[in-house]
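Structure in structure tokens, see below.
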Amino acid sequence: MYSATEQFADLSKTNYANAVKLASLSLENAEKIVKLNLNTAKAVLAQGMHNAQAAASVKDVQELLALRAKLTEAGVQAATGYSRTLYELSSEAQAEFSALAEQAWASYTKGMASWVETASKSAPAGSDVAVNAFKSTFAASTAAFDQFQKATKQVVSLADASVRAATANATKAATKVKRAA
């Protein structure tokens, strides 16, 4: 017979494994962001040196105005590219964390359902009403969480589409500003 202690031990092992996965995933994503920031800092430093050399070689006002427009465009493109990359990394991380949470929830509900079934079989006579009430409550809470999860996915999808559209519009606006200058 499979005891409640063994079921809780299995649940603890699963929770530990999920915690390790969560920590690993967090470190991987932090590493990606640190790498992005370091590469961006290097690029900004290199671009700053190049810009200083270009500014030092300016001979007249027209050349200075043209340089200013060129540097402004390069700055907007760099900022837009950085923001886009940061957003993509964040979106990837969010998707990975969501997948881990879904996997953990599925494992938890499966384990709890098994535990409830085992507990109901070994429940004392006359406790049918309490066991059925507990089963019903567990099923309702699981269904509510599933609905919440679906709604959250829809909101995230809508937000993602909005951010991508805003980024595309910002890029178009920067291009128009360049042409106007």
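Coordinate-derived values only; no laboratory data. What you see is a predicted model, and the numbers here were worked out from it, not measured in a lab. A quick note on method: Cβ atoms are made from the backbone with ideal geometry, for glycine too, and the neighbour counts reach across all protein chains shown.
Using a cut-off of 25 Å between alpha-carbon atoms, which lysines can reach LYS150, once sequence neighbours fewer than 8 places away in the same chain are excluded?
Partners within reach: LYS21, LYS110, LYS135.
A further question follows. So if I place +1 on the C-beta of Lys and Arg and -1 on the C-beta of Asp and Glu, and nothing else carries charge, what would the dipole magnitude of the range 1-78 be about its Cα centre? I want it in debye, nearest 20.
Charge dipole, the range 1-78, about its Cα centre: 220 debye, nearest 20.
Taking the structure as given and computing log10 I(q)/I(0) by the Debye sum over Cα atoms at q = 0.10 Å⁻¹, which label from (1) -0.38; (2) -0.66; (3) -0.49 fits?
Here the calculated entry is (2).
May I pose another question? Which parts of the range 88-109 would a label at ASN18 reach, counting a residue when its backbone N lies under 16 Å from a point 7 Å out along Cα-to-Cβ?
96-109, by backbone N distance to the label point.
Do you know the relative contact order of the chain, to the nearest whole percent, from alpha carbon pairs under 8 angstrom that are 6+ apart?
This gives 39 percent for the chain.
Helix 61-121 against the longest principal axis of the chain: what's the angle in degrees, Cα atoms only, rounded to the nearest 10?
Between the helix axis and the principal axis of the chain, the angle is about 0 degrees.
Further question: Among VAL156, ALA119, ALA52, whose Cα projects farthest towards the positive end of the dipole of the chain, with charges put on the beta-carbon of Lys, Arg (+1) and Asp, Glu (-1)?
ALA52
Next up: What is the helix-to-structure angle for 128-180, meaning the angle in degrees between its Cα long axis and the longest Cα principal axis of the chain, kept from 0 to 90 and rounded to the nearest 10?
10
From the helices alone, meaning DSSP H stretches of at least four residues, give me the mean residue ellipticity at 222 nm for the chain, per-run term -39500 (n - 2.57), in deg cm²/dmol to the nearest 500.
-35000 deg cm²/dmol
Give me the angle, in degrees from 0 to 90, between the Cα long axis of helix 4-56 and the longest principal axis of the Cα atoms of the chain, rounded to the nearest 10.
Between helix and principal axis, roughly 0 degrees.
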